[in-house]
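Accompanying notes for the structure given below.
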Amino acid sequence: MPWEHGSILTLPSFDPSADAEPAPWAGAPLYGSGRAALVALLRHGRATHGWRRLLVPAYLCQEVVAAARREIPVVAYPDSPLSPAAAMSSTPDDLAPDESSFLTETGDAVLIVNTLGLRARGSLAPPPGVFTIEDHTHDPWSPWCQQSSADYALVALRKTLPLPDGGALWSPRGHALPGAPQRSTEHEALAERQLAAQLLKALYLRGHAIDKQTYLRLAAEAEAGIAEGEPVAMSRAGEALLPSFPALRWRERRRLSFEHGAEQLRAPLDELGHQLLLPAPGATSFGLTVCFASGEARDQVRRALIERAVYPAILWDLSAPALPLDERVVALSRRCFTLHCDYRSTPQDIDRVAEHLLTAARAC
């Protein structure tokens, strides 16, 4: 029977009872992607609130940054998985004399990201005249997300759920939202292509005679279109699937899978000079993120894992940034990868992944 770890999410068998606690975005508009939700919000913010700039974490998906730059001037502020931003202020005298704080101006919107699901709550309090946007993609059902006090919040739903597409946008403070997104025939076709890829992969993993390259090609074509970020509505298929998922139970499985992997990896990786990133208390990590001692070590281990059908995610590749970045942040991105530990992972899967990872790391 074929086995692999990572890559495309597939629809598993699950108890059809929905979670008792509604999602924080219940009743809010659903978009084709998280990027689409952000684009819609930026257009709305410029027209409604007079936003003049968007401040984003330096460590962020550069395709998201590029999409934002098409709508509004964008500036990076100091923030990474190893060095979270600590403060923002409109007055230079209020800032600490280090690199953990940054200046804002009236009319700014600040994107605050729960990067890799490592953070339990936000620590950035905006000065007057500055709006906050929180991105909870990597831990959508976290207490922080549930109790958010940001002006706006958004999620890309398809990163943690087996959906063909999907993003949500809401305002914890009750601000007006952009008009409801419209359906797109082209987007519906892309979502259907992604669904087909998910189905074919599931059959492949069950031993059916499916050509792996077929579903990989379908998924790549769908991803390229969905990622363009035009603010269209979520597909009908995605909307139909979303309410049925036991998302809180899947989040708990992700937490347990992470802890199981961390027990095996943390100390050995430390001994080898590498680092497993640990979530703050109350947070649930998106995956097992390893920061290696060098980019060369990461690439060598990644190649060895791929040979064993383990597919690490690079979150994110900053080698061609969409705006000027501190070289230290770019260097950090070259040293890290993330191993999935989501609802699909069994303890045996995590054991196998950990064994392959440590074998490869010791061979560096």
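Of the residues making up region 205-223, those that are touching a residue at least 40 places away in the same chain (Cβ under 8 Å) and buried (at least 20 other Cβ atoms within 10 Å of the Cβ) are Tyr215, Ala219, Ala222. Only one of the listed residues (Asp299, Asp349) is within 30 Å of Pro246 (Cα to Cα), over 21 Å from the mean Cα position of the chain (by Cα), assigned to a helix (DSSP H, G or I) and not assigned by TED's automatic domain parsing to the domain that holds Asn114. That residue is Asp349. Here Leu199 meets the list (1) more than 20 Å from Val155 (Cα to Cα); (2) in contact (Cβ under 8 Å) with a residue 24 or more places away in the chain; (3) crowded, with 17+ Cβ neighbours inside 10 Å almost entirely, failing just condition (3). Taken over region 311-359, the criterion of being surrounded by 14 or more Cβ atoms within 10 Å (Cβ to Cβ) and of a type in the set (Val, Ile, Thr) is satisfied by Ile314, Val329, Val330, Thr338, Ile350, Val353.
Note on region 147-183: residues that are touching a strand residue (DSSP E or B) at 6+ places or on another chain (Cβ under 7 Å), assigned to a loop (DSSP other than H, G, I, E, B) and under 13 Å from Ala36 (Cβ atoms) total 4.
Looking at Val110, Val65, which is the one that is modelled with pLDDT of 85 or more, crowded, with 20+ Cβ neighbours inside 10 Å and part of a helix (DSSP H, G or I)? Full working, then the answer.
Values: Val110 fails: part of a helix (DSSP H, G or I).
From the options Val110, Val65, the qualifying one is Val65.
Within region 339-364, the set of residues being in contact with a Phe, Trp or Tyr (Cβ under 7 Å, 6 or more places away or on another chain) and hydroxyl-bearing (Ser, Thr, Tyr) comprises Tyr343 only. Looking at this structure, is Leu288 within 17 Å of Ser7 (Cα to Cα) and either in a strand (DSSP E or B) or under 20 Å from the mean Cα position of the chain (by Cα) (or both)? In short, yes.
Take Ala224 and tell me if it is at pLDDT below 95, assigned to a loop (DSSP other than H, G, I, E, B) and among the hydrophobic types (A, V, I, L, M, F, W, C).
On the way: at pLDDT below 95: yes; assigned to a loop (DSSP other than H, G, I, E, B): no; among the hydrophobic types (A, V, I, L, M, F, W, C): yes.
It is false that Ala224 is at pLDDT below 95, assigned to a loop (DSSP other than H, G, I, E, B) and among the hydrophobic types (A, V, I, L, M, F, W, C).
Would you confirm whether any residue within region 273-281 is closer than 21 Å to Gly6 by Cβ, of a type in the set (S, T, N, Q) and part of a loop (DSSP other than H, G, I, E, B)? Taking every residue of region 273-281 in turn, none turns out to be closer than 21 Å to Gly6 by Cβ, of a type in the set (S, T, N, Q) and part of a loop (DSSP other than H, G, I, E, B).
The values are calculated or read from the model by the stated rules, or taken from the named source; none is laboratory data. Treat the numbers as computed from the prediction; the structure is a model and nothing was measured. FYI the Cβ positions are ideal-geometry reconstructions off the backbone, even for glycines, and counts take in every protein chain you see.
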